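Q: To start, I am sharing the structure in question, which I have written as structure tokens.
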Amino acid sequence: MDLRSQKSMAAKILKCGASRVRIDTSTEDARKEVGEALTREDIRNLIRKGLIRKVQKKGSSRAKARKILMQKKKGRRKGTGSRKGGRKIRKKAAWIKVARPLRRFLRKLRDSGQIDKKDYRRLYMRVKGGMFRNKKHLLFYLKEHELLKPVAKRPRKKTPKPKPKKPKAKAKRKKDAKRKAK
């Protein structure tokens with residue numbers, strides 16, 4: 001028995017391709033029932049009964065990816081064949097992560113007046129030389145060598161409240177004139 005029309009109808013109802021539609025043809029009664037289905041409503045009833053079903057899409061398994069990640073966490077898979085970029089480039093990314101925040105922090109201290117230009121220059125060169133591991137290490141060094149100057153907090157300026165506007169004299173005279181004319 002040809003069930004192509006039923007299969008295409010079911011595919012439209014199930015919103016999938018005809019290749020993903022499975023029709024239960026294990027028993028003669030089921031085959032006959034599906035063959036007699038002519039309308040979309042008949043197909044819907046067969047879907048509810050379980051004679052027609054949609055096969056789940058095959059996806060990519062993440063099992064292998066998870067396994068590889070676990071190995072990388074342990075330090076595996078880091079041989080010469082797995083590396084991208086030369087020795088310098090691999091180190092450079094890590095260097096940038098350290099140097100940029102330290103330089104930004106030094107700039108902030110200099111602009112706020114907590115360190116003078118001479119100390120800024122000296123510390124900048126030490127950052128360049130890789131002396132400091134992170135911001136906390138730099139701050140510890142500054143406190144240990146008493147290079148930080150306390151900065152007096154500037155008092156906030158109070159914004160004056162806007163004064164209510166007075167009506168202009170000319171407009172007032174016009175209003176008075178209109179009142180008198182009435």
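The values are calculated or read from the model by the stated rules, or taken from the named source; none is laboratory data. Because the structure is predicted, anything quoted here is derived from the model rather than measured. Don't worry about glycine lacking a Cβ; one is built from the backbone with ideal geometry, like all the others, and counts go over all protein chains shown.
Q: Which pairs do you get when a residue that is more than 13 Å from residue 49 (Cα to Cα) and surrounded by 15 or more Cβ atoms within 10 Å (Cβ to Cβ), found in the stretch 5-33, comes within reach of a residue that is among the hydroxyl-bearing types (Ser, Thr, Tyr) and at pLDDT below 95, reach meaning Cβ atoms under 6 angstrom, with the pair 6+ apart or on two chains?
A: 31/25
Q: Then there is this: For the stretch 26-51, what are the residues that are out of contact with any helix residue (DSSP H, G or I) (no Cβ under 6 Å at 6 or more places or on another chain), among the aliphatic types (A, V, I, L, M) and assigned to a loop (DSSP other than H, G, I, E, B)?
A: The answer is 38, and nothing else.
Q: Let me ask something additional. Does the stretch 64-86 include one or more residues that are under 41 Å from the mean Cα position of the chain (by Cα), surrounded by 10 or more Cβ atoms within 10 Å (Cβ to Cβ) and closer than 30 Å to residue 124 by Cα?
A: Scanning the stretch 64-86 turns up at least one residue that is under 41 Å from the mean Cα position of the chain (by Cα), surrounded by 10 or more Cβ atoms within 10 Å (Cβ to Cβ) and closer than 30 Å to residue 124 by Cα.
Q: If you don't mind, another one. Report yes if some residue within the stretch 55-72 is out of contact with any strand residue (DSSP E or B) (no Cβ under 7 Å at 6 or more places or on another chain) and under 30 Å from residue 130 (Cα atoms); otherwise report no.
A: First, the residues of the stretch 55-72 that are out of contact with any strand residue (DSSP E or B) (no Cβ under 7 Å at 6 or more places or on another chain): 56-72.
Add one more test, that the residue is under 30 Å from residue 130 (Cα atoms), and what stays is 72.
There is at least one residue in the stretch 55-72 that is out of contact with any strand residue (DSSP E or B) (no Cβ under 7 Å at 6 or more places or on another chain) and under 30 Å from residue 130 (Cα atoms).
Q: Related question: One residue is enough: does the stretch 92-111 have a residue meeting the conditions exposed (fewer than 11 other Cβ atoms within 10 Å of the Cβ), within 30 Å of residue 143 (Cα to Cα) and more than 29 Å from the chain's Cα centre (by Cα)?
A: Checking the stretch 92-111: at least one residue is exposed (fewer than 11 other Cβ atoms within 10 Å of the Cβ), within 30 Å of residue 143 (Cα to Cα) and more than 29 Å from the chain's Cα centre (by Cα).
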